[in-house]
Amino acid sequence: MGTIRIENHEIPFREGDNILKTALAAGMEIPYFCYHTALGSLGACRLCAVEITPKDPGKAPQVVMACLEPARGGIEVSISSAAAQQVRQKVIEFLMTNHPHDCPVCDEGGECHLQEMTVACGPPYRRYRGRKRTFTNQYLGPLVHHEMNRCITCYRCTRFYQDYALGDDLGAMRLRNEVYFGRFQDGPLASPFAGNLVEICPTGVFTDAVFRQHFARVWDLKTAPSICPHCSIGCNTLPGARDGMLRRVRNRFHPDLNRWFICDRGRYGHQYSEHPARPLTSRVDGAKVSYRQALAAAAEQIKAVGDKTGGLGSVREDLEGNTLLRALLNGFNGIFTAFSDPRLEAATITAVTALQNTTGAPSLAEMEQADAALIVGDLTAHAPMIDLALRQAYRSGARLAVLHSGPTPLARFAATALAIPPHEMSVCLSHLSERAAAPSAANSNQKEMLANIVVSLTASHRPLLIGVTETLSASQIAVLAQLAAALGPGARLAYALPGANAYGAALLSQTGRATAMLEAIETGHIQNLIVAGNDPLGDTRLGARWRAARQRLDSLIVLDCVATATAEAADILIPVAAWAERSGTFVNYEGRAQGFTHTFRRPEFLPSTAEVIADLARHLELVLPDIAAALGDTFPGYQAPVPGAPGSPLPAPAIPMHIDTTIHQGCESHPGRWQAALSTWYGDDPLASFAPALTELVPAVAALISPAAALNEGIKAGERVRLQGPAGTVVLPVQPDNDVAAGTIALTRAVLAQLGAGHGDPLELEKVS
Amino acid sequence: MKIAGQTNKRIASPLIRLWRSLWVTLRHAWAKRETVSYPEIKRSLPGRWRGRIVLTRDPDGEERCVACYLCSAVCPVDCIHLQARQQDDGRRYPETFRIDFSRCIFCGFCEEACPTLAIQLTPDFEMCERSHDSLVYEKEQLLIDGQGKHAGYNFYRHAGIAIFGKAIGEGTHDTPPVDHDTNLP
Ligand code: SF4
Ligand code: SF4
Ligand code: SF4
Ligand code: SF4
Ligand code: FES
């Protein structure tokens, strides 16, 4: 810590910081292009020229690059000196010689760093009359549009894509003033974080290809602080809307979570709210009716069956909607849960309970500081930004260990990656946990690798354990928590939960409720089901059972903003506002409650789920507490988080629950020759699967099996196999994949739903001749 | 005497002024008329007159407007509304373009801001309507079949982006594109 004189102000600096960073932190503006807080300095653009005057009068002042010059006491820095200004002006003039002058048709215009810097420093007129160098563009997939002529060679794109996000299909080519940034060949960018190029590129080389279809200038967009609804991380976003239509989503800085970047699911998943099949008018028995009529019909149904009503909330429904639905159900002693699958219910509640018993899950910024990590499951698909955080940890030397059943991109960076069939995961985790408690000699290759994992976790100062809730059972989650406890107080524990508000939904649910509800429907004890934002009929594992149960219902009342299988089958469908059209709260994987506020309103009347339930209660003449009171009752001391603020921990009463960590040999033994494993990709969640640009990128559907298993069975790549599950059969081509565990068939969610099998369920496989 | 002289002057000068005014009036009574009896007779207005706004076409007959939103941004009364679309070849155009002439103050800022010389004010002010709604002009009413005041300019010949009939590197100031697949200097 010292002070440096910049423009005659004494500015404190941290040892090791450069002049640019110091000045920017103090709110003083030095023009720059290539410097980025997350990517550091490179000195490529030469725009950040400043003049420094050493204290020693014998030494002449000199012009230096502020981003490369360490801040130190005893020098005077002038941003406005004539020499520095001249350098900056020349730099801009040279950069502009090849500029294609297409700002009017450039989507960056209005928020372009190059425009701003040219206006701020550049000469007002162009003197160069020569011919311009040009580049052809590449097709980079449905998400990012490429226009290479606008490049100023700042290298931010490759530094982000390759160095930061560890992608390898975008780079710099050629030399001199002909450096080209693109792919080796045309084709979609492979990184789950490719969309960040749009924001990281200071010019219009990379622009948002989805926004481009309905382009509007930044000054015409309505924005409001929001939270990403697509996974449990709760990245902060800034949706932009115009003329009653959501146009784009950008990153919004959160100091502990996403900071400068978001994943592509968060950036492009918003298209679901513009999907042509989105329900926008209420329907009763297939006929379009007004909102009031739908409410009256729903109230009549509920009155008719009295207390035989159940309520199914959702992990993607906001805290307000879930809480009020539960309060409504409490009004007539109905069953409420937010989960359609009892396994997921138990797993999520166990994960939340386990987190409540620790110091809390680390933020993404803290995860980057980990020096060893154990990852159980595929984080890239279930919590993309944790993946990015762990890539940073890996870059700073952390040893990653990944236990997975199907493909996971993080395995590439892991010191130890073990493909373990779902039914052996429990044994492995218990083994890890036991070894951490009492080291013993290893007696097999796999055990040795597990032993190594324990050694590296024990030897590290900031070990981190992360489990993916959706592919773990409750007992496995508990064992992971035990392992964290055994590693000592320095160890941090986190779970990727199954939805944006899964944490909040778990606190409102109870283990066993999902089973109870299904059974009550099957036995006729529930005749009327209110579903808010959930899709039980499309459930991977229990979809068939739910569809059968649905036949027994008198009426199915659905509140949703996407056309799910359940919404299609509803007797009464009340469309609700999508997240950007309403205000609400999501509780993220850390238990951080974050508020979001509506960015815009659609021309159609679309209330939020909580508003629909309040209106329904009024029709039923039920006295329901208002939303603030209902939240206050459930979470004593609850303060609604302010949208735009970093969020606050949800004051939740501890869940009294006994965690059973005993491994039941019966159900954990090998279920047969083949087992299903869930293999998803980063663009997959119930909402984003309605986003056309993302679904264009869905990997080809195939049965992924390990090459050894394929050899054993005598199946070649591309040959077709018939898979038999509890609910149906599917014929698929086989694709050998090194990341798949032995005896495991990795399948997408849609295929699993057709088979009626969940992660870890037995399957039959037979070759189709 | 002094007092009498002053009185004379006091009377004389208003009289002179009176006669002079009368003379000017009489002279003008016989002079050539400037006033015409509009609307039977219409004066030709200077080309720079700021009246009804049109959207023009480039020399090739294509729409000049590239839907950059600059006119709508600069408009002080916010009376221009448009929505950008693009053709498959990458050419931008306004899907809708709407000017509310009941709000327009004919300041000409939009014309000044337009980078493609598309939007132009014309010497036509006869736009009376009986309702405000009919003063909202849609694109069909704005787009004309000519180049307007500025003949010869085609934005796409100067800008770097490719459109149908003009690949990258074929612009007026361009060199052929760099082959990025080779590393030879
Ligand atoms: S493409 Fe963009 S980010 Fe990459 S070097 Fe060029 S200007 Fe910089
Ligand atoms: S990591 Fe999750 S919360 Fe963050 S942007 Fe991606 S989908 Fe949204
Ligand atoms: S002339 Fe002025 S007021 Fe009228 S549309 Fe143009 S900018 Fe707007
Ligand atoms: S400024 Fe010109 S090119 Fe841009 S939208 Fe207006 S009329 Fe079209
Ligand atoms: S910011 Fe310093 S050289 Fe680019």
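Since every read-out is calculated from the coordinates, none of them should be taken as a lab result. As the structure is a computational prediction, the values presented were derived from the model and not from experiment. Backbone-built Cβ (ideal geometry, glycine too); neighbour counts: all protein chains shown.
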Checklist entry - Looking at the P(r) of the stretch A:349-499, how many percent of alpha-carbon pairs lie beyond 21 Å? => result 35 percent
Item to check | Centroid-to-centroid separation of the stretch A:539-594 and the stretch A:680-707 [C-alpha atoms, Å] | outcome: 21 Å
Checklist entry - Which net charge results for the neighbourhood of residue A:255, defined as the other residues with beta-carbon distances under 15 angstrom from its beta-carbon, given Lys and Arg at +1 and Asp and Glu at -1? => result -1
Checklist outcome for this item: Candidate span helices, chain A: DSSP H, at least 27 Å along axis from Cα coords, Kyte-Doolittle average at least 0.0, result none
Item to check | the stretch B:53-157, Rg to Rh (Cα coordinates; Rh as Kirkwood inverse mean 1/r) | outcome: 0.95
Checklist entry - Highest mean first, what order results for A:600-612, A:630-642, B:12-24, B:120-132 on Cβ atoms within 10 Å? => result A:600-612, A:630-642, B:120-132, B:12-24
Next on the checklist: For the stretch B:53-157, give me the percentage of DSSP beta bridges that are antiparallel, rounded to the nearest 5 percent.
Outcome noted: 95 percent
Item to check | Shielding by partners, peptide A:174-180 (average Cβ within 10 angstrom, other chains) | outcome: 4
Next on the checklist: Using alpha carbons only, how many angstrom separate the centre of the stretch A:713-769 from the centre of the stretch A:54-109?
Outcome noted: 60 Å
Checklist entry - Between the helical axis of B:2-30 and the dominant principal axis of chain B, each derived from Cα atoms, what acute angle in degrees is found, rounded to the nearest 10? => result 50 degrees
Checklist entry - Considering every residue in A:207-220, what mean count of other chain Cβ atoms within 10 Å of its Cβ is obtained? => result 3
Checklist entry - How much net charge surrounds residue A:389 when only the other residues with a Cβ under 9 Å from the Cβ of residue A:389 are counted, with Lys and Arg +1 and Asp and Glu -1? => result -2
Checklist outcome for this item: Shape call for the stretch A:1-101, from the Cα gyration tensor axes a ≥ b ≥ c (a/c under 1.5 means rounded, otherwise prolate when a/b beats b/c, else oblate), comes out oblate
Checklist entry - What residue among A:301, A:120, A:540 has its Cα farthest toward the positive end of the dipole of chain A, where the charges are +1 on Lys, Arg and -1 on Asp, Glu, each on the Cβ? => result A:120
Checklist outcome for this item: Averaged over the residues of B:170-182, the number of partner chain Cβ atoms within 10 Å of each residue's own Cβ comes to 6
Checklist entry - Using +1 on the beta carbon of Lys and Arg, -1 on that of Asp and Glu, and nothing else charged, what's the dipole of the protein assembly as shown about the Cα centre, debye to 20? => result 4140 debye
Item to check | the stretch A:178-221 and the stretch B:34-109: distance between their alpha carbon centers, rounded to Å | outcome: 32 Å
Checklist entry - For the stretch A:452-552, what is the convex hull volume of its Cα atoms per residue in Å³? => result 123 Å³
Checklist outcome for this item: Distance in nm between residue A:629 and residue A:357 label points, each 7 Å along Cα→Cβ, equals 3.7 nm
Checklist entry - What is the sum of charges around residue A:514, taking Lys and Arg as +1, Asp and Glu as -1, for the other residues whose C-beta is under 12 Å from the C-beta of residue A:514? => result 0
Item to check | Net dipole in debye of the stretch A:132-274 [+1 Lys, Arg Cβ; -1 Asp, Glu Cβ; about Cα centre; nearest 20] | outcome: 420 debye
Checklist entry - Per q in 0.06, 0.10 1/Å, what log10 I(q)/I(0) does a Debye calculation on the alpha-carbon atoms of the protein assembly as shown return? => result -0.53, -1.26
Checklist outcome for this item: The pairs in A:21/A:59; A:222/A:303; A:447/A:767; A:132/B:139; A:222/B:149 lying past 31 Å Cα-Cα in this model are A:222/A:303; A:447/A:767; A:132/B:139; A:222/B:149
Checklist outcome for this item: Computed for chain B: size of charge dipole around the Cα centre, +1 on C-beta of each Lys and Arg, -1 on C-beta of each Asp and Glu, debye to nearest 20, value 2460 debye
Next on the checklist: I want the antiparallel fraction of DSSP beta bridges within chain A, as a percent rounded to 5.
Outcome noted: 55 percent
Checklist entry - Rounded to two decimals, what ratio of Rg to Rh does the stretch A:671-767 give with C-alpha atoms and a Kirkwood Rh? => result 0.97
